[in-house]
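The values are calculated or read from the model by the stated rules, or taken from the named source; none is laboratory data. Since we're looking at a predicted model, the values are computed, not measured. Virtual Cβ from ideal backbone geometry, glycine too; neighbours counted across all protein chains shown.
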Amino acid sequence: MPDPKVLELERTADKQRQQGEFTAAIDTITQALAIDEGFVRGHLSLAVLYHHTNEYELACKHAERACELEPGDTFNFAALSVTYQRAFEGTKDPIYIERAETAMARSRGM
């Protein structure tokens with residue numbers, strides 16, 4: 001069970017995200033990860049938030065970290081694939097398509 005302070009920060013960040021305050025939400029989740037670096041939902045949240053601020057490398061880094069922390073969770077690999085697809089849409093760098101396909105295969109247990 002995550003630290004209560006981490007959960008409080010997560011709720012605050014979610015409200016900030018809903019209000020379109022992406023930079024504030026990033027700062028809030030970063031505070032949560034300073035308390036518990038292994039908080040997977042925090043890394044997944046940052047993957048989404050950094051997409052909204054067009055910081056695709058950081059988005060990918062955090063989605064990858066979620067997969068490192070929970071390598072058996074197929075949802076994390078599906079989220080990683082989506083993160084790579086969004087990075088491709090934002091950058092047109094074809095490396096992200098290859099990575100998205102690999103992550104999607106992992107999400108299917110392949």
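All but one of (1) closer than 17 Å to CYS67 by Cβ; (2) in contact with a Gly (Cβ under 9 Å, 6 or more places away or on another chain); (3) among the charged types (D, E, K, R) hold for GLU37; state the number of the condition that does not hold.
For GLU37, the exception is condition (2).
Quick one: is GLU55 of a type in the set (D, E, K, R), in contact (Cβ under 8 Å) with a residue 24 or more places away in the chain and surrounded by 13 or more Cβ atoms within 10 Å (Cβ to Cβ)?
no
Determine, yes or no, whether ALA59 is small (Gly, Ala, Ser) and farther than 19 Å from ARG17 by Cβ.
no
Answer with yes or no whether THR83 is among the hydroxyl-bearing types (Ser, Thr, Tyr), over 11 Å from the mean Cα position of the chain (by Cα) and modelled with pLDDT of 95 or more.
Criteria not met by THR83.
Select from the stretch 14-41 the residues that are loosely packed, with under 15 Cβ neighbours inside 10 Å and among the aliphatic types (A, V, I, L, M) and list them in ascending order.
ALA34, ILE35
To keep it simple, each residue is scored yes or no on (1) in contact (Cβ under 8 Å) with a residue 40 or more places away in the chain; (2) among the charged types (D, E, K, R); (3) surrounded by 15 or more Cβ atoms within 10 Å (Cβ to Cβ).
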position	(1), (2), (3)
HIS62	no, no, yes
GLU68	no, yes, no
PHE77	no, no, yes
VAL82	no, no, yes
GLY90	no, no, no
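State all residues of the stretch 96-110 that are among the charged types (D, E, K, R) and either touching a Gly at 6+ places or on another chain (Cβ under 9 Å) or not in a loop (DSSP other than H, G, I, E, B) (or both); if no residue qualifies, say none.
Within the stretch 96-110, GLU98, ARG99, GLU101, ARG106 meet the criteria.
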